[in-house]
Amino acid sequence: MHADLLVLDVGSTYTKLTAFRLNRGELEFVARSQAPTTIADIETGLVNARQALVASGVRVSDEAKVFSTSSAAGGLRMVALGYMPRVTAKAAKEVAMSAGARVLEIISHEDLPEYRLEVLREIKPDIVLLAGGTDGGDQQSLIENAHIIVQAGIKAVIIIAGNKEAQNQVAEIFTSCDIPHIRVPNVMPTIHELKVKPAREAIHEQFIKQITQAKGLNKLLNIVSNKKVMPTPGAVLLGAELLAKGTFQEEGVGDVIVIDIGGATTDIHSVLPELEKLTIEEKGLVVTNEKQPSYRTVEGNLGLRVSATGIVETIGPLGVLAKIGYNSEETANQLSAYTEYLEQNPGHISQSPQEKQFDLALAISAIEVALKRHAGYIAQDFNPVMGIMPGTPVGRDLRRVKYVIAVGGIFTHGSQADNQLILAAAFKNPGISLLPVQPRFIIDEQYLLYALGALGSRYADQCGRFAKKYFKINLKGNEHETN
């Protein structure tokens, strides 16, 4: 079979290659391959992945278009600055998270200037998202933070995304000090509105410039057809948005949760398209998580390899083992030793039946914790200041979400029985969390969601139709229960 669309995903360990073709205008999956990522010379890994694809019998068209994502550098190190911590500072964080950046700190005007200066100097971010003030509102915080950034002497690109009336003065401050900066529309022009897309695209552009150079991935830019390398988490979110929201021609499937579990992090994406229809009165402060159509959280200490010890530290070894029905101290000690080994040997593939059981328990635990941190909850106490009483739903309400898509190596390489077991167990005890009541679990068996996100900007309608077929979602009913 021939392929005329290739999507690369360059990770820290493996370079994955997914091949598609356009058949009478419709997208068709052809095959996928992978090869170890060669950081010293990234091109070697790319060539090896392509050779593996050809060896499987795929004929790659000479005019094949190539797209790419990457997580090889772990994402951009970012600090978000804003005015009020519950408003623009939080809006800045959500923009950064949706773009796939690693948000290491959120600073607001309530933090002392000395503290803000210390954070910038200690973290040494690759990029700073500078927000603050609605249009027509506060200007001083944006200007003050600009001076603090200059004083910090950091080598970061500044994305100015605050009050539009203050942006020109802030840009002049950075220009006079030779600090690279980009101006985008205010991320929060009014108290009811959050503009994510321009800032997100600016972060993607910085990803291309900084990550590709820092990791030798600049050769990718000579290969890809659209001269873009998208951060992998951002591509996954875009794929989820395409499936949930649809396009002008293709109906979306509605509310979707994506669970993306890897060796270092567990990411939860939720897309709730109906929230786009809220009136201004219904939105209130749009930066609250429950009112955003798209929302992503990253648990940096919950991963199946590099961060495996973080899972054990979070709920304890016996808490992890309880997920698979074990409770002995001896086994708990063995689990702790196993996770410590994984941290030092992240490329390890479980061998023994016990190691495979440990992996299942770690996955269940990581997903359950990540989901409960992402979702809202039922209030248990009175809070007269916030107007909350016991039984009130607080935060992001996911109870009506029907589709839960699981992404990650443990699902791609796991059996259908184990995959369903992991997800069922992770959702089994929601407690007071606002988790889906009757979700349908879908496994991204071929690891294609990221690829659909990467292709979506060019082939949106085709990707939307393909996604519904691939995930076996029939909006007219008669859906398959599993993949």
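The values are calculated or read from the model by the stated rules, or taken from the named source; none is laboratory data. The structure displayed is predicted, hence computed values, not measured ones. Cβ atoms come from the backbone with ideal geometry, glycine included; neighbour counts cover every protein chain shown.
Of all residues in the stretch 97-110, those that are at pLDDT 70 or above and either in contact with a Lys or Arg (Cβ under 9 Å, 6 or more places away or on another chain) or surrounded by 17 or more Cβ atoms within 10 Å (Cβ to Cβ) (or both) total 8. The selection criterion, being touching a Pro at 6+ places or on another chain (Cβ under 9 Å), free of Cβ contacts under 8 Å to residues at least 60 places away in the same chain, among the basic types (Lys, Arg) and not in a helix (DSSP H, G or I), holds for residue 305. I'd like the residue in the stretch 50-76 that is without any contact (Cβ under 8 Å) to a residue 60 or more places away in the chain and closer than 30 Å to residue 250 by Cβ and, out of all such residues, is nearest to the chain's Cα centre (by Cα). Among those that are without any contact (Cβ under 8 Å) to a residue 60 or more places away in the chain and closer than 30 Å to residue 250 by Cβ, it is 53. If the condition is being part of a strand (DSSP E or B) and free of Cβ contacts under 8 Å to residues at least 24 places away in the same chain, then the stretch 361-393 contributes 383, 388.
Looking across the stretch 139-195, the residues that are in a helix (DSSP H, G or I) and hydroxyl-bearing (Ser, Thr, Tyr) come down to 141, 175, 176.
Note on the stretch 374-395: residues that are surrounded by 14 or more Cβ atoms within 10 Å (Cβ to Cβ) and not β-branched (Val, Ile, Thr) amount to 7. Checked against (1) of a type outside the set (Val, Ile, Thr); (2) within 19 Å of residue 93 (Cβ to Cβ); (3) surrounded by 15 or more Cβ atoms within 10 Å (Cβ to Cβ); (4) without any contact (Cβ under 8 Å) to a residue 40 or more places away in the chain, residue 202 passes all but condition (4).
What residue, among those in the stretch 121-142 that are among the aliphatic types (A, V, I, L, M) and touching a Gly at 6+ places or on another chain (Cβ under 9 Å), is surrounded by the fewest Cβ atoms within 10 Å (Cβ to Cβ)? Can you show your working first?
Start the filter on the stretch 121-142 by keeping residues that are among the aliphatic types (A, V, I, L, M), which leaves 123, 127-131, 142.
From what's left, touching a Gly at 6+ places or on another chain (Cβ under 9 Å): 129-131, 142.
Working: 129: 31, 130: 25, 131: 30, 142: 29.
Per the stated criteria, the residue is 130.
Applying a threshold of 7 Å to beta carbon distances and a minimum spacing of six or more residues, or different chains, the list of pairs starting in the stretch 154-170 at a residue that is in the same structural domain as residue 133 (by TED's automatic domain parsing) and surrounded by 21 or more Cβ atoms within 10 Å (Cβ to Cβ) and ending at one that is aromatic (Phe, Trp, Tyr) and assigned to a helix (DSSP H, G or I) reads 158/174. The set of residues from the stretch 237-261 being surrounded by fewer than 24 Cβ atoms within 10 Å (Cβ to Cβ) and either within 14 Å of the chain's Cα centre (by Cα) or hydrophobic (A, V, I, L, M, F, W, C) (or both) comprises 241, 248, 253.
Of all residues in the stretch 333-360, exactly one satisfies the criterion of being β-branched (Val, Ile, Thr) and not in a helix (DSSP H, G or I), namely 349.
Can you find, within the stretch 217-266, the residue that is farthest from residue 297 (Cα to Cα) among those that are assigned to a helix (DSSP H, G or I) and among the polar types (S, T, N, Q)? Can you show your working first?
Here is the first cut: in the stretch 217-266, the residues assigned to a helix (DSSP H, G or I) are 217-222, 232-245.
Now restrict to residues that are among the polar types (S, T, N, Q): 218, 222, 232.
Working: 218: 29, 222: 32, 232: 14 Å.
Going through the qualifying residues, I end up with 222.
Residue 420: in a helix (DSSP H, G or I), exposed (fewer than 15 other Cβ atoms within 10 Å of the Cβ) and in contact with a Ser or Thr (Cβ under 9 Å, 6 or more places away or on another chain), yes or no? No; evaluated as a whole, the condition is false for this residue. For beta carbons closer than 9 Å, sequence separation of 6+ or different chains, a first residue in the stretch 177-190 that is more than 11 Å from residue 160 (Cβ to Cβ) and a second that is of a type in the set (D, E, K, R) and surrounded by 14 or more Cβ atoms within 10 Å (Cβ to Cβ), the qualifying pairs are 188/135; 188/195; 189/135; 189/164; 189/195; 190/135. Please indicate, with yes or no, whether at least one residue in the stretch 115-138 is hydrophobic (A, V, I, L, M, F, W, C) and over 28 Å from residue 295 (Cβ atoms). Yes, the stretch 115-138 contains a residue that is hydrophobic (A, V, I, L, M, F, W, C) and over 28 Å from residue 295 (Cβ atoms).
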